[in-house]
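Quick notes on the structure that follows.
The values are calculated or read from the model by the stated rules, or taken from the named source; none is laboratory data. Keep in mind that this is a model prediction, so the values were computed, not measured. Quick reminder, even Gly has a Cβ in these numbers, built from the backbone with ideal geometry, and neighbours come from all protein chains shown. With ligands, DNA and RNA removed, areas are computed over all heavy atoms of the protein, side chains included. Shrake-Rupley method; radii C 1.70, N 1.55, O 1.52, S 1.80 Å.
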Amino acid sequence: MSSLNIGVVQVASFMEPGDGAKTKGTNLQTIFSYIEKLVFMNPTVDMIVFPELFLNGYDSTIWDEMAEPIPNGPTIQALCNKAKEVQKWIVPGSLVERGNDGKLYNTTLLISPEGEIKLKYRKVFIPYPLEVSSPGNEFPVYEIPGVGKVGFVICADGHYPESIRNLVMKGAELIIKPTLQGEWIGGLRNHTPIAITRAVENQCYVISVNQAGPAGMGNTVAVDPEGRIIEELNIQESFTFIYVDFEEVRRVRETGAFGMFGFLKMLKEFKEDGCNVDECYINDISQAPVYNNLTFPHPKMPSDIIRYDLKKTTNV
């Protein structure tokens, strides 16, 4: 059976200002409640996915006290035990990890029905100065036996084509993107088109699971390998089930998208007919001309931000 029945939960984090223990404890119980609800409603569900930073919330001032090591943190162990109890794949959104180096990472996990962590991904592209975590540096892929290959990105990672392209070049057929994106970050003209574009250009499924309002803008979306929206939620707290057929990914990659003529065999054509489209990767991309007139480093803290002055750039 090369398919997954995925339950996605669009919910906003509970926040208790200044109290990390209560914040995380309450959100963990919400995760458990939703897992039990979805398994009861749909016993055939294979995997249940939550949004970015659902456990910890968006108040980064209390992240330090909530951070846990992986795999030995108590919350991590509780999640693994729950996955084993219900015998389902669990993606608990992303959470604040305390690395062996003492740094904080925004990390997502794939927990198996046996309660084992099969994949750990640390967010690579950190939207400074909004977030205080350190960046990861790997794009791992996990093959669910007899089903297909899964990879993760987290929120802002999805805006960088190279993130998902790295995963796809390693064979990923399904990209799961836990997200915490508010309306003020581009709204629907940003969130949904990004998911569609990444699905089309990589011929894979993309599922972006966002927090509900008021923390996020909702609009959790699932897109198939030809760019069709197969499920989309509104802004309020809700959930849905998404059927992912990995054979559809393989068909589109082999025969092409959009009609009987096999138009847009993206990955095959990139290899066979790409000419110099990979010139930017072969050469030292850090020395590309586009960087000549940009200033570095980019701001990491609010105090580092310098207001953009249009007059200076246009000589008005």
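Of all lysines in the structure, the ones whose alpha carbon falls short of 19 Å from that of Lys37, not counting any fewer than 8 places away in one chain, are Lys82, Lys84, Lys88. Taking all Cα-Cα distances within region 141-225, those exceeding 23 Å account for 18%. With helices as the sole contributors, the chain gives -8500 deg cm²/dmol at 222 nm; each DSSP H run of n ≥ 4 counts as -39500 (n - 2.57), and the sum is divided by every residue. With both labels modelled 7 Å from their Cα along Cα-to-Cβ, the Gln236 to Glu279 distance reads 5.3 nm. Taking all protein chains together, Ile185, Ile70 sort by accessible area into Ile185, Ile70, largest first [probe 1.4 Å]. Averaged per residue, region 73-117 has 36 square angstrom of accessible surface, using a 1.4 angstrom probe with ligands and nucleic acids left out. Of the whole protein surface, Glu279 contributes about 100 Å² of accessible area at a 1.4 Å probe radius.
The heavy atoms of Lys170 present about 100 square angstrom of accessible area, all protein chains included, probe 1.4 Å.
Taken over the C-alpha atoms, the chain has Rg and Dmax values of 20.1, 66 angstrom. With contacts taken as Cα pairs under 8 Å at a separation of at least 6 residues, the chain carries a relative contact order of 16 percent. Using heavy atoms of the protein chains and a probe of 1.4 Å, the accessible area assigned to His159 is about 60 Å². Ordered from highest to lowest accessible area with the whole protein assembly present and a 1.4 Å probe, Leu4, Leu294, Leu180 read as Leu294, Leu180, Leu4. For the set Ser2, Ser112, Ser33, the ranking by accessible area, highest first and with no ligand, DNA or RNA atoms included, is Ser33, Ser2, Ser112 under a 1.4 Å probe.
Calculated over region 80-191, the projected area of the Cα convex hull averaged across directions stands at 8.0 nm².
Per residue, the solvent-accessible area of region 7-57 (1.4 Å probe, heavy atoms of protein chains only, all protein chains present) comes to 35 Å². Surface composition of the chain: carbon and sulfur atoms hold 55% of the protein heavy-atom accessible area at a 1.4 Å probe. Cα convex hull, region 1-157: 105 Å³ per residue, rounded to a whole number. Annotation: lysines with alpha-carbon distance below 22 angstrom to Lys123 (same-chain offsets under eight excluded): Lys24, Lys103, Lys149, Lys170, Lys177, Lys300.
List every DSSP H helix in the chain whose Cα atoms extend 27 Å or more along the helix's own long axis and whose mean Kyte-Doolittle hydropathy is at least -0.5. What comes out of the filter, once short or polar helices are dropped, is 20-41. A simple spin-label model places the labels of Ile229 and Thr44 2.6 nm from each other, with each point 7 Å out along Cα-to-Cβ.
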